[in-house]
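The values are calculated or read from the model by the stated rules, or taken from the named source; none is laboratory data. Since we're looking at a predicted model, the values are computed, not measured. Cβ sites come from the backbone with ideal geometry, for glycine too, and all protein chains shown count toward neighbours. For the accessible areas, the whole protein counts, side chains as well, though only heavy atoms, and no ligand, DNA or RNA atoms are used. Shrake-Rupley method; radii C 1.70, N 1.55, O 1.52, S 1.80 Å.
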Amino acid sequence: MVDPENTMQLLLALRRNGVTDARTLDAIESIDRGIFVRGTFANRAYDDTPLPIPCGQTISQPSVVGLMTQALEVGPRDKVLEVGTGSGYQAAILARLARRVYTVDRHRSLVREARERFEAIGLTNVTAFTADGSRGLPDQAPFDRILVAAAAEDPPGPLLAQLRIGGIMVVPVGQSDAVQSLIKVVRTEAGYEYDELRSVRFVPLLEGLARE
Ligand code: SAH
């Protein structure tokens, strides 16, 4: 169940920060961030701020989730890959907009918890896997849209290759402990077009699976 008053406050903050696309705002409105933040920080779930989640990771700032979702221009027939499930919040929002969402994380326990949340809120078009997302998800490729929620030094080659022609990828690029740039990549017949959206700060995209 969505907490209406708190979610309204959050939506106002998103609009102030440039999230204006109506479908994106509707999707965010329909997903209660409170379900994805637990423990010490639960009382800040509706603030426009990133928050700690288990395994030393973070749930992204809602306005950044909004801007990335908006930039991805997800349509109702799209098959989407998200790299970096984390809490599952971003994937849940994508699932409201897309036909099918695949989301992967290198932490098994995060994937398990995210699955429980998807089930609890009745999302049936999102599937979470434990996998090294820097390699993409070859079995399900190609994708219409790819959202990377962890920072890479460059857009990973396998992800570029798994993007359909006409497809869009949004990925934070840069050194992990510095300010990174959010990049929008469009795959055309001729190659790839890159556009820098804004500066962001994400946890690093690491190779291989984590131990838990
Ligand atoms: N989208 C999430 C936040 C992601 S935080 C949310 O809405 O809550 C970034 C996540 O990327 C972390 O959970 C981290 O474990 C994961 N990650 C980092 N490198 C990865 C890789 N190579 N493959 C899959 N997941 C990765």
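Here is how the numbers come out for the structure above:
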quantity	calculated
Cross-chain or 6+ apart pairs with Cβ under 6 Å, region 92-112 first and hydroxyl-bearing (Ser, Thr, Tyr), then modelled with pLDDT under 95 and surrounded by fewer than 24 Cβ atoms within 10 Å (Cβ to Cβ)	SER109/GLU212
Which numbered condition GLY122 misses (of (1) more than 10 Å from the ligand (Cβ to nearest atom); (2) surrounded by fewer than 18 Cβ atoms within 10 Å (Cβ to Cβ); (3) on the phi < 0 side of the Ramachandran plot)	(3)
Residue in region 165-172 that is open to solvent by 10 Å² or more (accessible area, probe 1.4 Å) and out of contact with any strand residue (DSSP E or B) (no Cβ under 6 Å at 6 or more places or on another chain) present	yes
Qualifying positions in region 50-66 - more than 8 Å from the ligand (Cβ to nearest atom), open to solvent by 30 Å² or more (accessible area, probe 1.4 Å) and on the phi < 0 side of the Ramachandran plot	PRO50, PRO52, PRO54, GLN61
Wholly enclosed strands (runs of 3 or more DSSP E) of region 1-104 bearing at least 2 residues over 11 Å from the mean Cα position of the chain (by Cα)	51-53, 57-59
Residues (open to solvent by less than 20 Å² (accessible area, probe 1.4 Å), more than 8 Å from the ligand (Cβ to nearest atom) and within 18 Å of ARG164 (Cα to Cα)) located in region 79-96	VAL80, LEU81, LEU94
Scope region 176-212; condition within 15 Å of the ligand (Cβ to nearest atom) and open to solvent by 80 Å² or more (accessible area, probe 1.4 Å); matching residues	ASP177, ARG201, LEU206, GLU207, LEU209, ARG211, GLU212
Pairs where the first residue, in region 143-164, is under 24 Å from PRO62 (Cβ atoms) and the second is among the charged types (D, E, K, R) and near the ligand (Cβ under 9 Å from one of its atoms), C-beta under 6 Å, 6+ apart	LEU147/GLU82
Count - residues of region 114-130 that are touching a helix residue (DSSP H, G or I) at 6+ places or on another chain (Cβ under 9 Å) and not in a strand (DSSP E or B)	8
Test: residue in region 126-139 that is free of Cβ contacts under 8 Å to residues at least 12 places away in the same chain and either open to solvent by less than 80 Å² (accessible area, probe 1.4 Å) or polar (S, T, N, Q) (or both)	no
